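Student: One structure follows; several queries about it will come next.
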Amino acid sequence: MTARRSRRRELSALVLGTLAALLVLEATLHTRLLPLPWPLETHLFQCYTPLDELHAISFGSPSLGLPLGRPHLRTRCSVNGYGWRHESDRWGMRNPRDRDHVEVVVLGDSQVYGQGVEEDQTLARHLERELGVSVANLGRTHAGPPHHLALFSNFALPLRPRVAIVVFFENDLDDVLEYRPLSSIRRFVATQRGPEAALIPRERLLAEDDGARPGHFWRALEQRMLVYRSLRYYAARGLDLTAFPERREPDAQDRTLAAQYLESATSLLARRARDHRIRLLLASLNGVAPDGRWRRGPTGESVVRAAAALDLPLIDLSSCLGEPERADPAAFLDRDHHLSAEGHRRAAKCLGRFVREKAGNTSP
């Protein structure tokens, strides 16, 4: 009897000790003080996917078939080992204050949004200081031509800007293929009709967010259990601490169709800009190869064709971020292709000169 009680006490102590250790580990993960392999840290705190309702900075809009930013949201994000504070305005964009009117809007993907840097280090904020006028950052993570058209039509136009700048990055064709099936892409190229071309009041679009918190108790609990999510992450990917899910590479035919989409979407965007007397400027940024050389692929070529066909000014921002053949490492983050704080500053300086040359005085 005494031996049985002793075993029970030992088992109880083991269970309680394990639970206490898990609680301490859970609390430590929530404080983000524990150094983690950056792929796991990205999985837990990247704040991009709408499936993670607790931290997601965006939600899926059924009307547009695209993610939109959640308004007045403050959180902290971490991707590829780089952390930053995210704070959105009332329209879900990464701006420090709410505005009803601005002189300049900048659209683009996570390069414009400012992945890996703080808000006051982003291209839009540097450009605001460079030009001395109000500038709105309408950059979205994982954005491409469908987003540029939808955000310009439904979020930029109500701000009544004098100048709109669309920044294209080398992966934009892949983003087209990620967010639109081939049948929808073909239909848009032929008709310029699709959800992204719709004109919908921004208040109605933001009302489509059914809440920034999960409604199901167990789903909410699961998202808060970081130890459990970490174990699931490694169970799904094995014990490779640098593992990321693989993505299928689009073939040449798909990219050709996506390039046609980019040119068609830019044409519709340009027409709407002219209708509202907005000076539209285009900018492109090449990719960077592993050896540090610039990699100009089908996206850059498609943007050049669109600019020529529409008679739109175009600047290659790569010329501001390195030598003709090679990128300056200081302009980019170490672990991925996103602009560093220095890269944002240099790009904004070039854009400032470009805006003054092509659009003249942007002051009211």
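Student: With respect to A273, is the statement that it is farther than 23 Å from S184 by Cα and surrounded by 20 or more Cβ atoms within 10 Å (Cβ to Cβ) true?
Tutor: Details: farther than 23 Å from S184 by Cα: yes; surrounded by 20 or more Cβ atoms within 10 Å (Cβ to Cβ): yes.
It is true that A273 is farther than 23 Å from S184 by Cα and surrounded by 20 or more Cβ atoms within 10 Å (Cβ to Cβ).
Student: Name, by its number, the condition in (1) modelled with pLDDT under 95; (2) under 20 Å from A273 (Cα atoms) that does not hold for I315.
Tutor: For I315, the failing item is (1).
Student: Only one of (1) within 24 Å of D109 (Cα to Cα); (2) modelled with pLDDT of 95 or more is not met by D174, so which one is it?
Tutor: Only one criterion in (1) within 24 Å of D109 (Cα to Cα); (2) modelled with pLDDT of 95 or more is unmet by D174, namely (2).
Student: Right, here's the next one. Out of (1) crowded, with 23+ Cβ neighbours inside 10 Å; (2) free of Cβ contacts under 8 Å to residues at least 12 places away in the same chain, the odd one out for P290 is which?
Tutor: Single failed check for P290: (1).
Student: Failed condition for L131, given (1) under 25 Å from R353 (Cβ atoms); (2) at pLDDT below 95, with all others met?
Tutor: (2)
Student: Another question, if that's okay. Exactly one condition in (1) part of a helix (DSSP H, G or I); (2) touching a Gly at 6+ places or on another chain (Cβ under 8 Å) is not met by R335; state its number.
Tutor: Looking at each condition in turn, R335 falls short on (1).
Student: Another question, then. Taking the range 181-228 only, how many residues are modelled with pLDDT of 95 or more, closer than 24 Å to M93 by Cα, of a type outside the set (V, I, T) and not in a helix (DSSP H, G or I)?
Tutor: The qualifying residues number 4.
The values are calculated or read from the model by the stated rules, or taken from the named source; none is laboratory data. Predicted, not measured: the structure shown is a model, and the values here were computed from it. Neighbour counts are summed over all protein chains in view; Cβ atoms, including those assigned to glycine, are modelled from backbone coordinates with ideal geometry.
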